[in-house]
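Q: Please read through the structure below; I'll follow up with questions.
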Amino acid sequence: MNGGMGVVVAFFAGLLSFLSPCVLPLIPIYLSFISGESAADLKAGTARKGAVIVRAILFSAGFTAIFVLLAILSKGGMSFVGSGAKETAVKIAAGIIIILAFNTLFDFLPFLRVELRAGNSGKRTPARGSLGAILYGMAFAAGWTPCVGPILSSLLLFAGSGDGVSRAAILLTVYSAGFAVPFILAGAFLDRALPVMGWFKRHTGAIRVATAVILLLFAVLLLTGGLSSLSSLTFRAAYEIETKAETLPPWIQPIAKILARWLSFQGI
């Protein structure tokens, strides 16, 4: 997969993780826990927004650090695999991703339902200070939930099969951004975000389908060698769109040209 497209898919994977049924309903609780503000004040818009935003950013930095570390370890592990064995490992990884994609839809693997969410039992007190928010973000990443785990696992397998540790780290950083951006925005505007979050809660089926599609996209790219072949495909598509743009209606020509330039930028 090429650079621009890989970044876009990773970002949407992070966004789908935020919207997953295991995470979205708990966003007010996480924000309350890391900021020390009550959930009622957050929902009413009377909480100290500055403190909430800062803690949300630090919390995001914590889980981002863990995800990037996992990407580096994943890629580092693949570097010890020989070329012949690596091809087999990639096929196995693709097979695992396909299983995770279908399990997202049909939930036929009961052991994946086990919750490993950090701090999900016992009496909890708010995270103390900036360091507490960072550490809790790291614990949140380490105790990832079942309905987000398939996305994270698939992205790690995908990143590990690519070229270069830095590329794997970038993909997981962008994935983290896909989760962090709406999380921080929710912290700043939770009172306004609740209706939007409620809409997504009512459409969890569509979110599951979108998640499965993202996972299957990772698997197909691995199985077909899309990591290298997709670049030429997007360049060819960009050329065709650019060539035919002048024959389109005037109002759509700028859109076609922007799309062509975006496609020509692609290239992991």
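The values are calculated or read from the model by the stated rules, or taken from the named source; none is laboratory data. Note that the coordinates shown come from a computational prediction; the quantities given were computed from them, not determined experimentally. Glycine gets a Cβ as well: all are built from the backbone with ideal geometry, and neighbour counts include every protein chain shown.
Q: Considering only residues of the stretch 188-204 that are in contact (Cβ under 8 Å) with a residue 60 or more places away in the chain and aliphatic (A, V, I, L, M), which is nearest to CYS22 (Cα to Cα)?
A: Step by step, filter the stretch 188-204, then rank; the result is MET197.
Q: Where residues in the stretch 141-152 are modelled with pLDDT under 85 and part of a helix (DSSP H, G or I), which of them is farthest from SER35 (Cα to Cα)?
A: Per the criteria, the residue is PRO150.
Q: Continuing with this model, one more query. Only helices (runs of 4 or more DSSP H) wholly contained in the stretch 159-259 count here; list those with 3 or more residues that are surrounded by 17 or more Cβ atoms within 10 Å (Cβ to Cβ) and at pLDDT 85 or above.
A: Numbers: elements: 165-188, 190-201, 204-223, 226-244.
The qualifying helices (runs of 4 or more DSSP H) are 165-188, 190-201, 204-223.
Q: Moving on to the next point. All but one of (1) part of a helix (DSSP H, G or I); (2) at pLDDT below 70 hold for ILE99, so report the exception by its number.
A: Of the numbered conditions (1) part of a helix (DSSP H, G or I); (2) at pLDDT below 70, the odd one out for ILE99 is (2).
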